[in-house]
Structures are given as structure tokens and as C-alpha cells.
Amino acid sequence: MRIATWNVNSVKARLPRLRSWLAEREPDVLLVQETKATDESWPATELAELGYESVHHGTGRWNGVAILSRVGLADVTRGLTAEPGFGGSTEARAIGATCAGVRLWSIYVPNGRTVGSDHFGYKLSFLRALREQCAAERAELGLAAPYGLLGDFNVAPTDADVWDITAFDGFTHVTPEERSAVVEIQRAAGADEALIDLMPRASADPRDERRPYTFWEMRMLGFQKGRGMRIDLALVSKSLADRTQAVWVDRDARKGEGPSDHAPLVLDLD
DNA sequence: ATGTCGTGCAAAGCACGA
């Protein structure tokens, strides 16, 4: 089974590339972020023609998350129980479903903008709500149940996860507060059964030994200059990690005409 | 290099978010 996560930065703008990517890589489950779609404009019919049932949670223009599956899609949950809002309303940043017996979430953590801003506080609140959701669900499902939080976390877990840590001094995505909030999510059900941050290789090539990034800024030719970040994560239970044979970034999806600024993160399971 | 994208509004340019 193949599970992938991809911030597509508008499903409308990316539909041609999404279609060809699905045909090429044939994931069984794809967790999507930043669809920028409404539930009405979500291309469910086109995706169904490609063999995927899908669920979408979005209000248009910004945010929006979805799950595509060709191995079943059950127990759909839109949003987090304790999800905070921003500017007076809740956004569409989390959707969960059970696919082929695996409980999965498609997560789009707020960017945070600048350290100490209202949006930064919102980001930390969102991460706390995700920890609560994870703790409650894992307790309910049992710690042995295969479980995964995948998506765009907008946090680089370590200094090695950005192209040059000195370039990030004073910026979001690398602060101790954000990093410890992610660790707290991993430990939501206790340190013994912590979710594992699956480390991908940098591309589809098994011999690729470059540092693995999942995001490169559109501005300033970030991809062309190798200025990447590993901010799309797969945090999975031991039961799911044990089934994982390969984890890789589909770096090729960042190339060519009209890419997203993120590349898909792919898990190949036993 | 505040250098690229995508969206929506109201318009063929701008504001906003990333």
C-alpha cells in the first residue's frame, strides 16, 4: 500500500499535475493540503473517474484539506474537536478518515507568519489542539492501531531540516516553541508509544543521499538554489512505521511547468 | 532584489497569503 501527502497549493491550478501524478505514482491514499477550494468546487467527479473516492473540507480561497482513497474511506472527521479559530472563524486545516484499517489525518498547520504575532499564537494553539485530538483518538483506538498524522506542519523538526539554519535566525518554523509542540504531539499517547517522524530520502532514487526537503520557496528561485525545508511530515505509530518499507520525497514533482511549492512525501508500506 | 505564485474583487491592477 502506498500513502502520500502533498500540499498542492490550489487544486484548481494543480489539477492537471495532480491527475498525471496520480496516474504515474498510483498512491492508494493521498492526503492533500491547501486545496483553496470549497466543498462545491472540489473535483470529486474527476477524481472518481481516476478511481479515487474523496472527501474535502474547505471554504475556498485559503486552506482546505482532503483525502483521496482507492482502498476505502470511512469514519470521516472534519476539523479538530478543540480546533482554534483565527480572525473570529475556524479554518479548514484538518480532516481525518480510516482507509484500509489505517487511521489517517491530512493536516495543514498555520504558517505562523512572524514570531510572537497573533498568527504565531494561533499556530501553537492549533498544534495543542492536534495533540489533544491525537491523545483522545489513540486512547480510543488502542495504541497498537495503525495511526498517522500527515501533512504540512510548517515546522522543521531539527536544524538539519532547513538548507541553512543561520538564514532562519528569528524566523518561524525553527523555533524551540514550534519544535517542542510537534514533539508533544508525537508523545500525546505517552513516550513509549510516541509517533515516529519518518525520515524520507530526498527523491525516488534509492541512491540519493542529499538532505530530504519537501518545500522550496517560489520566491528567489528557492528550488533552483537548493534552498529547501523539510516541513511536510509523516508522524506515525510504531505499528504503521513497522510496515513502512520506504519513505521518499517525490522531488521530480517540484520540477517543470506550474509546480506546487511542495513536493509529495510518499510512504510505501508492506 | 519585496525577485513567484494563486485567489478574489472588481477589473485588465491590486491586496492578501504563503
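Consider A:Glu46 carefully, then state whether it is away from DNA strand B (no atom under 11 Å from the Cβ), among the acidic types (Asp, Glu), in contact (Cβ under 8 Å) with a residue 12 or more places away in the chain and not in a loop (DSSP other than H, G, I, E, B). Criteria met by A:Glu46. Selection of region A:104-120 for residues being buried (at least 19 other Cβ atoms within 10 Å of the Cβ) and either within 10 Å of A:Asp152 (Cβ to Cβ) or within 14 Å of DNA strand B (Cβ to nearest atom) (or both) yields A:Ser106, A:Ile107, A:Tyr108, A:Val109, A:Pro110, A:Gly112, A:Phe120. Residue check: A:Phe223 meets all listed conditions (1) in contact (Cβ under 8 Å) with a residue 40 or more places away in the chain; (2) in contact with a Phe, Trp or Tyr (Cβ under 6 Å, 6 or more places away or on another chain) but one, namely (1). Can you tell me which residue in region A:32-42 is farthest from DNA strand B (Cβ to nearest atom), limited to those that are among the charged types (D, E, K, R) and surrounded by fewer than 24 Cβ atoms within 10 Å (Cβ to Cβ)? Top of the filtered list is A:Asp39.
Residues considered: A:Val266, A:Val183, A:Val247, A:Val236. Of these, the only one that is surrounded by fewer than 21 Cβ atoms within 10 Å (Cβ to Cβ) and in contact (Cβ under 8 Å) with a residue 40 or more places away in the chain is A:Val247.
If the condition is being without any contact (Cβ under 8 Å) to a residue 60 or more places away in the chain, part of a strand (DSSP E or B) and over 22 Å from A:Ser41 (Cα atoms), then region A:75-100 contributes A:Asp75, A:Gly85, A:Phe86, A:Thr98. Set side by side, the residues A:Thr77, A:Thr81 differ, and just one is at pLDDT 95 or above, out of contact with any strand residue (DSSP E or B) (no Cβ under 8 Å at 6 or more places or on another chain), away from DNA strand B (no atom under 12 Å from the Cβ) and hydroxyl-bearing (Ser, Thr, Tyr), which is A:Thr81. Would it be correct to say that A:Ala4 is more than 21 Å from A:Lys123 (Cβ to Cβ) and assigned to a helix (DSSP H, G or I)? Taking the combined requirement at face value, the residue does not satisfy it. Within region A:73-116, the set of residues being among the polar types (S, T, N, Q), more than 19 Å from A:Glu132 (Cα to Cα) and in contact with a helix residue (DSSP H, G or I) (Cβ under 9 Å, 6 or more places away or on another chain) comprises A:Asn111, A:Thr114.
Every test in (1) over 29 Å from A:Arg243 (Cα atoms); (2) modelled with pLDDT of 95 or more; (3) part of a loop (DSSP other than H, G, I, E, B) is passed by A:Gly51 save one, and that test is (1). Selection of region A:51-72 for residues being farther than 19 Å from A:Cys134 by Cα and away from DNA strand B (no atom under 16 Å from the Cβ) yields A:Gly51, A:Tyr52, A:Glu53, A:Ser54, A:Val55, A:Leu68, A:Ser69, A:Arg70, A:Val71, A:Gly72. Only one entry in A:Ala156, A:Ala139, A:Ala202 is hydrophobic (A, V, I, L, M, F, W, C), modelled with pLDDT of 95 or more and touching an Asp or Glu at 6+ places or on another chain (Cβ under 6 Å), namely A:Ala202. Residue pairs whose Cβ atoms lie under 8 Å apart, sitting 6 or more positions apart in sequence or on different chains, and linking a residue in region A:26-41 that is closer than 13 Å to A:Ser54 by Cα and without any contact (Cβ under 8 Å) to a residue 24 or more places away in the chain to a partner that is within 16 Å of DNA strand B (Cβ to nearest atom) and of a type in the set (D, E, K, R), do not occur here. Of all the residues in region A:18-31, those that are closer than 20 Å to A:Gly60 by Cβ and either more than 13 Å from DNA strand B (Cβ to nearest atom) or among the basic types (Lys, Arg) (or both) number 1. Screening A:Val174, A:Val155, A:Val162 for residues that are of a type in the set (A, V, I, L, M, F, W, C) and within 14 Å of A:Leu127 (Cα to Cα) leaves exactly one candidate, A:Val155.
The values are calculated or read from the model by the stated rules, or taken from the named source; none is laboratory data. From a predicted model like this one, the values you see are computed outputs, not experimental measurements. We place every Cβ from the backbone using ideal geometry, glycine too, and count neighbours over all the protein chains shown.
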